[in-house]
Structures are given as C-alpha cells and as structure tokens.
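Have a look at the structure below, then the notes.
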Amino acid sequence: MGIDIQKLGVAYGDHRVIDGLSLKIEPGSFFTLLGPSGCGKTTLLRTIAGFIDAAAGRILFGDKDVTGLPAHRRDIGMVFQDYALFPDKTVNDNVAYGLRARGQDGATIRRKVGEALERVGLGHLGQRHPAALSGGQRQRVALARALVIQPTVLLMDEPLSNLDAKLRVQVRDTITELQREAGITTVFVTHDQEEALAMSDRIGVMKSGRLEQVGTPSEIYRDSVSSYVADFVGAANTVEIDAPGAAQGMVTVGLGGHSISARVPAPLAGSRAVLIARPEDIALSPQGTGGANCVQGTVSRRQYLGGKTHYLIGIGADVALAVETHGDGHDRYMPGADVDLSFDPMKTLVLAS
Amino acid sequence: MSRGIGNRTVWWWISLAAMVVMVVFLLYPLLTILTGSLGGGDRNGWAQLLADPRYLEAVRNTLVLAAAVTSLSVCLGVPLAYLASRYEFPGKSALALLPLIALVIPEVIAAQTWLMLVGNNGVVTRALRSVDIILPSFYGWPGLIVSLTFTYYAYVYISTLAAIRGFDVQLEEAARSLGTSPVRSRLKVLVPVIMPSVMAGALLVFTMVMGNFGTSSILGGKVRLLSVMTYQAAVAEGGADPVMQSTLASVAVGLIVIVLFLQRWILSRGRYQVVQGRNARPVPLSGRQGWLIGGAAGAVVIVSLMPLIMLVTGAFTVSRGPVMRWGEWTLANFERLLLTNPTPILNTLIYSAVATLIGIGISTLVSYMIVKKKNLFTPALDYLSTLPLALSGTAIGIGLAMSFNSGWLHLTGTGAIVVLAYVIRRLPFSMRSASSTLYNIPDSIEEASISLGVAPVPSFFKVVLPLMVPAIASAMVLTWAVTVSELSASIIVYSGGRETMPIQIYKLIDSNLMAQASAMGVLLLAVILVPIFVATKLFRVELFSSR
C-alpha cells in the first residue's frame, strides 16, 4: 500500500515544525527522508507512525485515512535507532510480541518467528536475551520483529547510526534485501547521504520542515534543485556567481575571469546565483590542452588516496575548487603546477542562491 | 512525546485523577493550616506568636539545634566518607552498615537507648555515680545534640560517599601534573566538586532536625522547641489551641521552605557534572596508622550501633516499673506486649502495608507520567509530590487532623487517617525510589510495543512495568521501612485503639517503662528488618542501586 501525505502540518506547542507538506510514496517502494538533524525528518516519520498528532492535513495508507488513528491501530512496523528490544524478553519473545498482540495461535507464532529469524540469519539465537547480542544482531532482531507482523508500512528511524561502519554496510544490505523480498512500503530516515543513495528507490531531502527535493537517487545527485541539496548529497563545489539573466537551459557564466557553459535546470531569481560542480565531474589536463569549456588554475594541495587523488585548485585570487581524479596518471599534478580544468556543461549547474 | 489521540485521554485522565487526589489530601490540608493561623478573632495566631517570647525562643532554639547538629554531622560524616572511599583499613566493612542504620533505626529508639545509657537512671550514669562522678543531666541541649547527631550524620556520610566515589581521580592527577602538591590538589579539585553533595546532605539533616519530634520531645527537657510546642498546642489536654497549632505549623513549614530554597540556590550555583572516569583505588593503610584510623572509624560505628545493643539487652531484662534489674533475663516484656495488647503491632502492620501499597502504586504511576507522559498536569504533580519534604511530620498531622475532622470526608478516629498520614509523609521518598530507573528506560521500548499493535496502556503494563519491577520492589521495601517507624504525623492523627508501635514506644518511654519500650523496639526492628532481609537475600532486590 502506498502512503499519501496531504498538506500535513505538525506543531510542537505554537511552533509549527512541519507546514503544508505533501508527499506520495509508491506502494512497495523504499523511500528515504534525508536531511541534517533538526530538519524535521524524524518528526515526519513519527507523525506517519502516529506517535505525533497531525495539526493539519491528512495521511492515507492506500485509500485509508489514518490521520485520526492511534499508532497501535495503524498496522505499522517500526525499527528504532536504539533497537528498542524488550530487554526482559528473549529474542523469540521479542519477535513473537506483535503476533501475540494479533492473537495468532501458538503453532503459527512459532513457525513465523522461526522463519523471520532465519531470514535475518539469527535462527540459532532465539533463546538469548538482547543483552547477549551484538549491535548488528540486535538490529536484525528488531527488523525481524517489525517485519514478522507483515505491516502495511515499515518505518525506520536511523536504524544504522548506532552501528560501526562495517556492520552498517552488512545490516544495510539485509534491510534492502528483505524489503525487496517482502515488498513492503518503507520509509527510512537518515542523515547519511551514502545510505540514502545506496538503498532508496526515491529520496526526499528535507530542510527546516519542508521537502526541498524529491526524486530518484540519481536525480537528487545529478539534478539537484538547490545548492542545499547538492551540498548535502555528496561533495559539491559551490561558487557564488553573477546570475546569467533569467534564461533557462544552457547559459554562459563567468568563473575566475573565464567564461564557461553550464546548465540552468530551474528558473533563477535575483542577481546572484550559485555554480555547482562535483569534484569528480571536473577533468584536469596540462595547461593549454583543456580544449573547450575550460578554465586555468594552479594546484595548491594534492592528496593521494590510492585509487583516486584529491586536488585543491586555485582559480584567480578567490576561488578554489576541489577536484577528484581517477584513471591513468590521476596523481601526476604536483602543487604549484598550472592545469586546465574542463567542465561538462550538462553536469555543471547554475542554481538560485 | 507520545501523544497519540488514543492514549492522550487515558493518561490525561489518570494524571487529572492524581492531581485531584494531591489537591484534596495535600494542598487542601496545607491551606487549612495556613488559613487556620489567621483565625482567632482580633488577635490572630501571628500576633500571639510575636507577643509571646516563648514561641520566639522555640524558633531560635530550633534553628540553633539544627545548625549545631548539622555542623557536627558534617564533621563526622565527611571524614568518614573520605576514609571509606580512599583507604583500606581493618574493620572497614563495618562502615557499610551505616546507610542501613540511618534508614532503619527509628529515632525514638535511638533517643530511648541514649536515655537508658546516660539518662538520669541510665547504666553509665549509675555506674559513674557509684564512684562519685556526677554526669551533667542528659536532658536538654547535650542529649538533643548528641542523640540527633548520631541519628542523622549518616545522611551526610551517604551523600558525600556517593560524590567522592563518582569523582574522577584523573582530575586530581591532572592538578598534580600541573604542579600542585597532592594535598593541595585534593583540596583544590576534590572539595569544590563534592561540595554540592555535602551541602545537600547537610541541608537534609538541617530540615530533618527542624522537623524532628520524637527525640526532641523525649530528650528536650526544658529546651523549648518548635515541633514539641506545635505538638502540645495540637494535643494539649484540656483543650487544644487550633489557632496556635496552625500558626506554629506554618512557621515550621516556612522555615523548611526557606532552607529548601537556599539549597536550590546553592546547588544551582555549584552543580558540576563529573564525567564518570576512573575511580580511585583505595589505599591500604596498615600498621599504627591503619589501626588509628580504623579505630576512629570503628568508634563512630560502635556509637551508632549502641542503640541496637542497648535495645536488645533492655528488651530481655527484668524490670519492675521504671527500675531495670540488669543481669536478670526474662521474656516477660515480650509476653506482655504480645499477649495483653497486641493491637499496636497489628495496627502498624496493617496501616503500613496499606500505606506502602497505596504509596508505591501512586508513586509508580505519577513518576511514570512525570518522566514519560508529560502533560499539562505533570509539572504540578512533580512539585506537589515533593511538597511533603517541606512539611514536618507534625505539620502534616495537624493539616490532616484539621481538614478531615468533619465535613464531607470525616476521617478522624479511623485508621484511614493514619494510613493517609503515612502515604503523604513518605510520598517523596517512594517517588524518588520508584522513578530511579525510569530515566534508563528508553521511550522507544514503549513505542516499539505500540507499533506492534498493543495499545498504550497495555503497552505500559506489558513492557515498561516489568522493567520497573526491580525499582518498585526496592522502593517498596524502603518505603515500608520508613513507614513503620513514622511517629510525628501519626501521633497527631491517631485516636484511642489506633496506636502504632512507634506511638506505643513513645508512650512507654513517657511512662518510664524502658524494658517494655525496648521489647517493642526490638519487635519494631524485626518488622523493619525481616522484609529487608527477605527481599535482599531471597529475591535479590538491590536496595541501594540507585544511590
């Protein structure tokens, strides 16, 4: 079942934290709410869950209006950042909890619990208490507990952020796999852009209670609608420039005394704009070989990282761009070297500042 | 945070109900006291208070006594806590008994046993008299100060010990690495950090001495004290003085409120959050130093334990009226208590059991709402439930007696009013014990249960309550222990046939029947200790985990 959020408003006291937010999430899809802390993503998730009352607007699961429904009757599965396992109950009893609440019979519960734990690779740990499990195992139990009740929607609140880097990738893969398998509409909250890009069908980037941009991972990354999104999703060079008139499409802008072509995806407003170019989209070549659409610069810092090299390159007096190079000879420019920086006009965006 | 539409109503109604209960049984009696002081026709209580030098003397004496006992308690408690946390010495384990002594030995019993030792007819007094040494009378200032100090210093000890244990030695080492000498680093770094805890313990002692009734009344002699005069105004034979009793109770409330505000002010200025680091490893002391320190600490512990030894001895000693025949043993004292008039024992058991259950039930629910289900009422509930701390037992007793003497809820003469006094007097205590683990239970546990389809209130019972059980169990045992020994409020509200064990002990001491009083004291200790023993040994309840 899909989720349809219509003109949602949420307030803490008199303070509106979400105002007039609308969002449609396709049935069976994996949707990520991405943003820095305090952007309202967790509030939105908890409002979908029913833990926070909506002050305005409606939330629909499929065709069913759940706005007035208390959390325990929304038929959700929820996974928490701190796992929220019941510490006094065994793994089996934790996973069986929701099934028991639904009044299923003992044999069915045992079978489903066994299957659910098998699926997360913990079939042998059913008798343990949560305290005897590692962080990764705990989150797998929490996932099994949320999925075993076959909820209408699965809601996850930063489920990976308490895990260390290696486990994070493992549990991430488990989540993605199980979600595809079960086909449950999922809303996933994170502040980690890599997680968001890797796992999601679609991403909503949030900023102070609003959805700044909603799209597929590559749309978010490639066609960021604002410097906020571009900067938050992956590294991006952002340079303040004079706006190239009100034109849309391909334009020519000035950068460090040179002119380059860039793309304007959305109408601009005001006299200033921001030029966005990702480090890996800028090509380096020896001075004078850059061809069309390039500017001259001087390497000021070089960081060799094995498969790639990071450069910081000064253009003129007050612009410095980060550039990342791969492939043959990617590390050959030394500090002080003069280089050409070539821009791909399609991947170089001019956005409203 | 969880404000689902479905659960708002339930918790909202429960907190409203709790609010009504608190207003009726706590706020209303308090207001009755305060307004009562303004009665009395053209000369209200305050005018009478200012006109009569006896009352002002009582206020002054009370403050002097509280200050003296507090200073002595700090002088005993702080060094003892420092020794206990930083050194190993022979007999150190006996120090572990101190918190138990503080909570367990009812102060009436302590006062009584001091009398049996050094009172006019005491063992020591008579022994010295036989070699022509005449001790000064123990009644009055000497008795009050000595007895109350040994009753209350353990509170300073406990809070200081916790602070020193929580103190990170690395701070001390950092100070030393920066070039200060060991002794100076300690003074410069340790003292400011533990100061708030020492102050907290000291102010607790100060308020407890101000509110103290049992010891003050038994040992006070000619020294006029506020709590005793209040009591006398309330229960004086040949007509109590309702205006004066409420005026004096108001004064007591006012004084404690001032002290508590002072405490908050001091604490707010000097609250240091010490990040838990490495604890100091106790340094073993041996040889002469070890024995010296061990001996000093041991002496304090022995004096603290003296009431117990005296009590047990007295309980089994033959007596005729007030005369104790030391060295002759008997069980007659117990026989008389158990066979001829077992009512006080039964009363204590029943009232305390009911009060503990009600108190723990209310505290569990209210502290849960205060911590986890904040709403319009919870800040007020939070304040109201700590309000009894600002009320002496005598004031609570007078408030209840005045409020429920007649009218729509007539409780005077029933056991219910004793139970009520118990519940209210011990509410802050049971609240603190019950809420101690709540902060460690994440909200997400309950939300997980709700998300799995269990409604909020059943979720509380299924997943939150089981996690609170250890705290509730220890709160119950501790609340029971402090409830059965309650005297100052119950002695005002009880009526004939409703005597409790502490009241009976007080009466027996008053009639100078020390042997019977001791026997009752031993029974009272049994009533206190048996549940503690059963809980800690059989059910492995950890009583002081939250300290």
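The values are calculated or read from the model by the stated rules, or taken from the named source; none is laboratory data. All values derive from a computational prediction rather than experimental measurement. Here the Cβ positions follow ideal geometry from the backbone for every residue, glycine too, while neighbour counts run over all protein chains shown.
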So B:Pro442 passes all but one of these: (1) within 20 Å of B:Val371 (Cβ to Cβ); (2) touching a helix residue (DSSP H, G or I) at 6+ places or on another chain (Cβ under 9 Å); (3) not hydroxyl-bearing (Ser, Thr, Tyr). Which condition number does it fail?
(2)
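Residues are listed down the side, and each one gets a yes or a no for (1) within 13 Å of chain A (Cβ to nearest Cβ); (2) free of Cβ contacts under 8 Å to residues at least 12 places away in the same chain; (3) not hydrophobic (A, V, I, L, M, F, W, C):
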| position | (1), (2), (3) |
| --- | --- |
| B:Gly413 | no, no, yes |
| B:Ile417 | no, no, no |
| B:Val423 | no, no, no |
| B:Met468 | yes, no, no |
Tally the residues that are touching a residue at least 12 places away in the same chain (Cβ under 8 Å), of a type outside the set (Lys, Arg), away from every other protein chain (no Cβ under 12 Å) and part of a helix (DSSP H, G or I), restricting the search to the range A:131-142.
5
Conditions (1) part of a loop (DSSP other than H, G, I, E, B); (2) in contact (Cβ under 8 Å) with a residue 24 or more places away in the chain; (3) aliphatic (A, V, I, L, M); number of the one not met by A:Leu69:
(2)
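Hey, which of the helices (runs of 4 or more DSSP H) in the range B:53-147, taking only ones fully inside, have at least 2 residues that are more than 18 Å from B:Leu305 (Cα to Cα) and at pLDDT 85 or above?
Working: elements: B:53-86, B:98-104, B:107-118, B:123-130.
Output list reads B:53-86, B:123-130.
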Condition check for B:Ser363: in a helix (DSSP H, G or I), hydroxyl-bearing (Ser, Thr, Tyr) and under 27 Å from B:Ala200 (Cβ atoms):
yes
How many residues are more than 11 Å from chain B (Cβ to nearest Cβ), surrounded by 15 or more Cβ atoms within 10 Å (Cβ to Cβ) and not hydrophobic (A, V, I, L, M, F, W, C) if we restrict to the range A:17-46?
7
Kindly list the number of the only condition in (1) more than 14 Å from chain A (Cβ to nearest Cβ); (2) aliphatic (A, V, I, L, M); (3) touching a Gly at 6+ places or on another chain (Cβ under 8 Å); (4) in a helix (DSSP H, G or I) that fails for B:Met520.
(3)
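So that you can scan it fast, the table gives a plain yes or no per residue for (1) touching a strand residue (DSSP E or B) at 6+ places or on another chain (Cβ under 7 Å); (2) modelled with pLDDT of 85 or more; (3) in the same structural domain as B:Asn512 (by TED's automatic domain parsing):
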residue: B:Pro182; (1), (2), (3): no, no, no
residue: B:Met195; (1), (2), (3): no, no, no
residue: B:Ala233; (1), (2), (3): no, yes, no
residue: B:Tyr272; (1), (2), (3): no, no, no
residue: B:Val275; (1), (2), (3): no, no, no
residue: B:Pro282; (1), (2), (3): yes, no, no
Quick one: count up the residues across the range A:77-102 that are part of a loop (DSSP other than H, G, I, E, B) and within 10 Å of another protein chain (Cβ to nearest Cβ).
11
For the range B:140-165, the count of residues that are among the β-branched types (Val, Ile, Thr) and crowded, with 24+ Cβ neighbours inside 10 Å equals 3
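Which residue, of B:Thr378, B:Thr343, is more than 27 Å from B:Val253 (Cα to Cα) and more than 18 Å from the chain's Cα centre (by Cα)? Talk me through it step by step, then tell me what you get.
Numbers: B:Thr378 fails: more than 27 Å from B:Val253 (Cα to Cα).
Result of the check over B:Thr378, B:Thr343: B:Thr343.
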Look through the range A:50-76, keep the residues that are more than 7 Å from chain B (Cβ to nearest Cβ) and among the small types (Gly, Ala, Ser), and return whichever of them is surrounded by the most Cβ atoms within 10 Å (Cβ to Cβ).
A:Ala54
I need a count of the residues in the range B:373-398 that are basic (Lys, Arg) and surrounded by 19 or more Cβ atoms within 10 Å (Cβ to Cβ).
1
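Between A:Gly307, A:Gly327, A:Gly336, A:Gly314, which is free of Cβ contacts under 8 Å to residues at least 12 places away in the same chain, surrounded by fewer than 17 Cβ atoms within 10 Å (Cβ to Cβ) and either under 23 Å from A:Leu349 (Cα atoms) or out of contact with any Leu (no Cβ under 6 Å at 6 or more places or on another chain) (or both)? Steps first, answer last, please.
Details: A:Gly307 fails: free of Cβ contacts under 8 Å to residues at least 12 places away in the same chain; A:Gly336 fails: free of Cβ contacts under 8 Å to residues at least 12 places away in the same chain; A:Gly314 fails: free of Cβ contacts under 8 Å to residues at least 12 places away in the same chain.
Going through A:Gly307, A:Gly327, A:Gly336, A:Gly314 in turn, the sole match is A:Gly327.
Going through the range B:433-448 one residue at a time, which ones are touching a residue at least 12 places away in the same chain (Cβ under 8 Å) and more than 7 Å from every other protein chain (Cβ to nearest Cβ)? Write out each step before concluding.
As a first pass, look at the range B:433-448 and keep what is touching a residue at least 12 places away in the same chain (Cβ under 8 Å): B:433-439, B:441, B:443, B:445-448.
Of everything in the range B:433-448, those that are touching a residue at least 12 places away in the same chain (Cβ under 8 Å) and more than 7 Å from every other protein chain (Cβ to nearest Cβ) turn out to be B:Ser433, B:Ala434, B:Ser435, B:Ser436, B:Thr437, B:Leu438, B:Tyr439, B:Ile441, B:Asp443, B:Glu446.
Sort through B:Ser474, B:Ser449 and tell me the only one that's small (Gly, Ala, Ser), closer than 17 Å to B:Lys373 by Cα and either assigned to a helix (DSSP H, G or I) or modelled with pLDDT under 85 (or both). Steps first, answer last, please.
Details: B:Ser474 fails: closer than 17 Å to B:Lys373 by Cα.
None of the others qualify; the one that does is B:Ser449.
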Could you tell me whether A:Asp53 is assigned to a loop (DSSP other than H, G, I, E, B), farther than 16 Å from A:Val153 by Cα, touching a Pro at 6+ places or on another chain (Cβ under 8 Å) and assigned by TED's automatic domain parsing to the domain that holds A:Leu21?
no
What about B:Glu499, is it surrounded by fewer than 23 Cβ atoms within 10 Å (Cβ to Cβ) and either in contact with a strand residue (DSSP E or B) (Cβ under 7 Å, 6 or more places away or on another chain) or modelled with pLDDT of 90 or more (or both)?
yes
I'm told A:Thr176 meets every condition in (1) closer than 22 Å to A:Arg119 by Cα; (2) buried (at least 19 other Cβ atoms within 10 Å of the Cβ); (3) in contact with a strand residue (DSSP E or B) (Cβ under 8 Å, 6 or more places away or on another chain) except one. Can you identify the failing condition by its number?
(2)
Name every residue in the range A:77-91 that is within 10 Å of A:Pro130 (Cα to Cα), surrounded by 19 or more Cβ atoms within 10 Å (Cβ to Cβ) and not hydrophobic (A, V, I, L, M, F, W, C), in order of residue number.
A:Tyr83
Modelled with pLDDT of 90 or more, outside any loop (DSSP other than H, G, I, E, B), of a type in the set (A, V, I, L, M) and in the same structural domain as B:Ile396 (by TED's automatic domain parsing), is that true of B:Val527?
yes
Just one of (1) crowded, with 18+ Cβ neighbours inside 10 Å; (2) under 24 Å from B:Ile358 (Cβ atoms) trips up B:Phe461, so point out which.
(1)
Checking A:Ser285, A:Ser342 in turn, the sole residue that is in a strand (DSSP E or B), in contact with a Cys (Cβ under 7 Å, 6 or more places away or on another chain), of a type in the set (S, T, N, Q) and not assigned by TED's automatic domain parsing to the domain that holds A:Ser218 turns out to be A:Ser342
Can you find even one residue in the range B:86-108 that is surrounded by 15 or more Cβ atoms within 10 Å (Cβ to Cβ), in contact with a Lys or Arg (Cβ under 7 Å, 6 or more places away or on another chain) and not acidic (Asp, Glu)?
no
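Could you say which residue among B:Ala154, B:Ala175 is modelled with pLDDT of 85 or more, part of a helix (DSSP H, G or I), of a type outside the set (Phe, Trp, Tyr) and out of contact with any Phe, Trp or Tyr (no Cβ under 7 Å at 6 or more places or on another chain)?
So the residue among B:Ala154, B:Ala175 that is modelled with pLDDT of 85 or more, part of a helix (DSSP H, G or I), of a type outside the set (Phe, Trp, Tyr) and out of contact with any Phe, Trp or Tyr (no Cβ under 7 Å at 6 or more places or on another chain) is B:Ala154.
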